[in-house]
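First up is the structure itself, then whatever we jot down about it.
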Amino acid sequence: MTITITTAPCCWGVDDVNNPNLPSWERVFHEAAAAGYGGLELGPYGYVPLDDALVAKALTERNLFIVAGTIFDDLVSPENRETLLRQTDEICAVITRLPQPEQVAGQRFRTPYLTVMDWGHDERDYAAGHSDRAPRLDDKAWAGMVANITAIAELARRKYGVRAVIHPHAGGYIEFADEIERVAGDIPQEIAGFCLDTGHSYYAGMDPVEMLRRYADRLDYVHFKDIDQGVFDRVLGERIRFFEACGQGVMCPIGRGVIDYPAVKRTLEEIGYHGFITVEQERDPLNVAGSLEDVKQSRDYLRSVGF
């Protein structure tokens, strides 16, 4: 198993680009390198400037690369198609001009990837982690979402050679086991792969190890998180948005939570996964002072168990 560990701006509280408390992207780059990572994701659209020369210089100065860009938006609404494709175009144009890592033997698709996540629906945000009460899309709305994801993936591949990977995300319309199974059936492997996230799998009531094994044939990219079980049990008993739960510390440094990472490692070895794994820990950006210590703890723990 050949694995490269990277990180992402969400570890510094960067999820909503309109949040006035976000740290500078230069700080995120600097602390990612200081914590021992060789690369990171670009973060949500609008956070890092869409200026490849400026960003490439900042990466090169810190000996970093970019592993992926992100679409984190409403994938359901047909009227959002134009915005989604504009974001795809602009993100892919930048990430394909930024420093890239060495590609590893056995890796299915070269970097950079485009992670595609649904977001922006109050009725699902408040139902994150609750499969029993989360509303599902009707057939027409589901077909519209599938069409939007397909259009994103085809544009990224055709124009830029970028592999789109679908990321099930707590609080979006692709979160629970039935939705993941349905999207796997409706969007063929040749169109888009999967980026499975251990933390989001657990949050949605699934076994992260079982999910990695079940979708091994679609697994092009992986996200690692860990969950504080005590905080998780409490927030699931409240009417709370997903990122409010993150602000209360439901995500913790890897190795301090409930997810069994030695078992995750064995599973990735068994399925023959080679490539990139990105460490994430969503948080309130007001708590950014703890980000460097936390991402370093996660990296050190993963190294201690063989990653």
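The values are calculated or read from the model by the stated rules, or taken from the named source; none is laboratory data. Everything numeric in this text was worked out from a predicted model, so none of it was measured. Cβ coordinates were reconstructed from backbone atoms using ideal geometry, including for glycine residues, and neighbour counts include every protein chain displayed. Side chains are part of the model used for accessible areas, which takes the heavy atoms of the whole protein and leaves out ligands, DNA and RNA. Shrake-Rupley method; radii C 1.70, N 1.55, O 1.52, S 1.80 Å.
The figures follow:
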read-out	value
Output for the range 187-216, where each listed residue is open to solvent by 10 Å² or more (accessible area, probe 1.4 Å) and over 26 Å from residue 256 (Cβ atoms)	188, 189, 190, 191, 214, 215, 216
Pair list, Cβ < 7 Å and 6+ apart or interchain, from the range 146-175 residues that are over 20 Å from residue 120 (Cα atoms) to residues that are among the polar types (S, T, N, Q) and assigned to a helix (DSSP H, G or I)	155/88; 156/88
Candidate set from the range 29-47 (those that are in contact (Cβ under 8 Å) with a residue 40 or more places away in the chain and open to solvent by less than 20 Å² (accessible area, probe 1.4 Å)); member that is farthest from residue 169 (Cα to Cα)	35
All helices (runs of 4 or more DSSP H) inside the range 58-172 with 1 or more residues being charged (D, E, K, R) and touching a Cys at 6+ places or on another chain (Cβ under 8 Å)	139-160
Verdict on residue 97 being open to solvent by 60 Å² or more (accessible area, probe 1.4 Å), closer than 25 Å to residue 169 by Cα and more than 17 Å from the chain's Cα centre (by Cα)	no
Lone qualifier among 250, 295, 288, 258 - being without any contact (Cβ under 8 Å) to a residue 60 or more places away in the chain and either among the basic types (Lys, Arg) or open to solvent by less than 50 Å² (accessible area, probe 1.4 Å) (or both)	250
Some residue of the range 282-289 being small (Gly, Ala, Ser) and under 20 Å from residue 41 (Cβ atoms)	no
Qualifying residue in the range 138-147 (condition: under 16 Å from residue 84 (Cβ atoms), at pLDDT 95 or above and of a type outside the set (A, V, I, L, M, F, W, C))	yes
Looking only at the range 8-26, and only at residues there that are in contact with a Pro (Cβ under 7 Å, 6 or more places away or on another chain) and in contact (Cβ under 8 Å) with a residue 40 or more places away in the chain, the one that is farthest from residue 292 (Cα to Cα)	19
Residue match in the range 114-126 (condition: more than 17 Å from the chain's Cα centre (by Cα) and open to solvent by less than 50 Å² (accessible area, probe 1.4 Å))	yes
Among the candidates 109, 65, residue that is open to solvent by 10 Å² or more (accessible area, probe 1.4 Å), in contact (Cβ under 8 Å) with a residue 60 or more places away in the chain and of a type outside the set (D, E, K, R)	109
Which listed residue, of 70, 60, is within 23 Å of residue 192 (Cβ to Cβ) and hydroxyl-bearing (Ser, Thr, Tyr)	70
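Per-residue answers, yes or no, for (1) at pLDDT 95 or above; (2) over 20 Å from residue 292 (Cα atoms):
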| site | (1), (2) |
| --- | --- |
| 1 | no, yes |
| 6 | yes, no |
| 28 | yes, no |
| 35 | yes, no |
| 39 | yes, no |
| 46 | yes, yes |
| 51 | yes, yes |
| 58 | yes, no |
